[in-house]
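Student: One structure coming up, written as structure tokens, with questions to follow.
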Amino acid sequence: MITLNDDPFADDVLADPLPLHRRLRDAGPVVYLDRYRVWASGRAEEVAHALNEPETFCSSAGVGLTDFRKETPWRPPSLLLEADAPEHTRARHTVTSVLTPKVVKTYRDTFAAEAEKLVAELLARGEFDAVPDFAEAFPLKVFPDAVGLPAEGREHLLPYGSMVFNGFGPRNHLFTDAMERGARAREWIAEHCRAENLAPDGLGARIHEAAAEAGFTPDERALLVRSFLSAGVDTTVHALGNAVQCFAEHPDQWAALREKPERSRAAFEEVVRFSSPVQTFFRTTTRDVELGGERLPAGEKVLLFLAAANRDPRRWADPDTFDIGRRAAGHVGFGSGVHACVGQMFARLEGEVLLAELARRVTTLELAGPPRPQLSNTLRGLASLPVRVR
Ligand code: OVP
């Protein structure tokens, strides 16, 4: 058994995770992280294997460091993310019955119109911070509109997301700071998961209808909506911010996208591979099991480095090259298997539409200052990204 003493949740590692990812992959298919007493893998094969065997690598003990069977989680578990079959299957079917390709498609024109408006505004300004002004602005408009949230109170969405994603980590300063700052967001979120506070024509209302039909109680229906508000904003915000960083730092790829804006969906996919917003998730073993040649006992946490798997040279040619022409499909940035991101078609639509609009309107995209990372126990992204566009 290979043991590493690294702290994947330390500030310096979160600010620049690639060196740890390489060490993890090179140390072996599966290693033991002493500090947290968990197993870990950064290899594409083992990460995909664990994700695709949910009976053995389960989610109902939580997908963060906290083991729900030993400790009380900070909020009631998600019926989707933190559940196993058969309960998970039922919840998942209810959500997929709402998020059909046909429904997702109905948002394309609205998203495109918002993208046009936002890009025109930013072009007129010339210089701006691509995190608040672009990466946060777009999802914070189109996603709550789609769900059916009122205009007021949307400022609670990011602090809530910060609680959720820092809450998957250890009780370090990121965890405790996020919980403190998000205290008020929690109440607002709980209120706005309820049917009476959601627009009748939005996705939230449709979830309530579908879930009622499937026999979920009103509280359970609200929990399903909570998954949208937990997972639907920060993730896309980080993806869009990382996208701008990728293109600002790789002008040849920006030129390639400008030449073919219709490649924006493939480009977004490469961003999610190269700079995965969700870096890690845990699973918990339900039995003694072999993974990557190691015997893992039952009841152990396994930290899966999705982002490291997405740059595993055993799986990808030139993994550290950002190349929008590559076939990035098959990355695990959206997970894999029964728990794979249920909103991925929504995320892709946001990315595709906004990047295409940017590529059609902007010739020069360059850094106007140093990017500053936003530290999170789970997400990779930026707090600030000063850019100049022409
Ligand atoms: C990335 C995710 C993330 C955070 C929360 C939830 C799901 C949820 O279901 O609450 S998937």
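Quick note: the coordinates plus some simple rules give every number you see, no bench work behind them. Computed from a predicted model, the values in this text were never measured in an experiment. Neighbour counts are summed over all protein chains in view; Cβ atoms, including those assigned to glycine, are modelled from backbone coordinates with ideal geometry.
Student: Based on alpha-carbon centroids, what's the gap between region 226-258 and region 356-390 in Å, whole number please?
Tutor: So the two Cα centres are separated by 8 Å.
Student: Can you pull a Stokes-Einstein diffusion coefficient for region 224-331 at 20 °C (1.002 mPa s), Rh from Kirkwood over Cα pairs, as a whole number of µm²/s?
Tutor: Numbers: Rh = 15.9 Å.
It comes out at roughly 135 µm²/s.
Student: Hand me the tally of lysine pairs in the chain: alpha carbons under 27 angstrom apart, and the pair either on different chains or 8 or more positions apart.
Tutor: 10
Student: Taking 0.36 nm per residue of separation and subtracting the Cα-Cα distance, what length does fully extending Lys102 through Ile2 add?
Tutor: 31.2 nm
Student: Shifting gears a bit: Which residue, Pro19, Pro373, Pro73, tops the fluctuation ranking in a GNM of the chain built on C-alpha contacts under 10 Å?
Tutor: Of Pro19, Pro373, Pro73, the Gaussian network model singles out Pro19 as fluctuating most.
Student: A follow-up question, please. Evaluated at 37 °C with a viscosity of 0.692 mPa s, what Stokes-Einstein diffusion coefficient in µm²/s does region 207-277 have when Rh comes from the Kirkwood expression over alpha-carbon pairs? Before the final figure, lay out each step's value.
Tutor: Details: Rh = 14.4 Å.
D, rounded to a whole number, is 228 µm²/s.
Student: Using Cβ counts within 10 Å as a stand-in for footprinting exposure, how do Phe9, Phe68, Phe334 rank, fewest first? Intermediate values should be presented prior to the final figure.
Tutor: Working: Phe9 25, Phe68 16, Phe334 21.
Fewest to most other Cβ atoms nearby, the residues stand as Phe68, Phe334, Phe9.
Student: Right, here's the next one. What whole-number distance in Å separates the alpha-carbon centres of region 96-117 and region 283-321?
Tutor: Centre-to-centre (Cα) distance: 34 Å.
Student: What's the extension gain from Gln344 to Glu187 if we count 0.36 nm per residue and subtract their Cα-Cα distance?
Tutor: On the way: separation 157, 0.36 × 157 = 56.52 nm, distance 2.70 nm.
Taking Gln344 through Glu187 to full extension adds about 53.8 nm, to one decimal.
Student: Please check which bits of region 108-137 a label hung off Arg388 would reach, taking the label as a point 7 Å along Cα-to-C-beta and the cut-off as backbone N under 12 Å.
Tutor: Residues 126-128 fall inside that zone.
Student: In terms of the Cα gyration tensor, with a ≥ b ≥ c the square roots of its eigenvalues, is region 124-236 rounded because a/c is under 1.5, prolate because a/b exceeds b/c, or oblate? Walk me through the numbers before you get to the answer.
Tutor: On the way: a/c = 2.36, a/b = 1.29, b/c = 1.83.
Oblate.
Student: Let me ask something additional. Computed FRET efficiency, Cβ-Cβ of Arg90 and Asp288, R0 25 Å: what is it to the nearest 0.05? Walk me through the numbers before you get to the answer.
Tutor: Working: r = 29 Å, r/R0 = 1.15.
Step by step, r from the Cβ atoms, then E = 0.30.
Student: For the chain, what class follows from the C-alpha gyration tensor (a ≥ b ≥ c being the square roots of its eigenvalues): rounded when a/c is under 1.5, otherwise prolate if a/b is larger than b/c, else oblate? Spell out each step's value before the answer.
Tutor: On the way: a/c = 1.62, a/b = 1.12, b/c = 1.44.
Oblate, since a/c reaches 1.5 and b/c is not below a/b.
Student: Is the shape of region 280-349 rounded, prolate or oblate, going by the alpha carbon gyration tensor and its root eigenvalues a ≥ b ≥ c, with a/c under 1.5 for rounded and a/b larger than b/c for prolate? Write down the numbers at each step before the final one.
Tutor: Values: a/c = 3.22, a/b = 1.55, b/c = 2.08.
Here region 280-349 falls in the oblate category.
Student: Just rank Lys301, Lys260, Lys141, Lys70, fewest to most, by other beta-carbon atoms within 10 angstrom. Don't skip to the answer; put the middle values down first.
Tutor: Working: Lys301 22, Lys260 14, Lys141 18, Lys70 9.
Fewest-to-most ranking of Lys301, Lys260, Lys141, Lys70: Lys70, Lys260, Lys141, Lys301.
Student: Quick one: if you stick a label point 7 Å off each Cα along the C-beta vector at Asn172 and Arg35, how many nm between them?
Tutor: Taking the two extended label points, one gets 0.6 nm.
Student: Sorted from fewest to most neighbouring beta carbons within 10 Å, what does the list Met163, Met1, Met179 look like?
Tutor: Values: Met163 23, Met1 11, Met179 16.
With the fewest neighbours first, Met163, Met1, Met179 line up as Met1, Met179, Met163.
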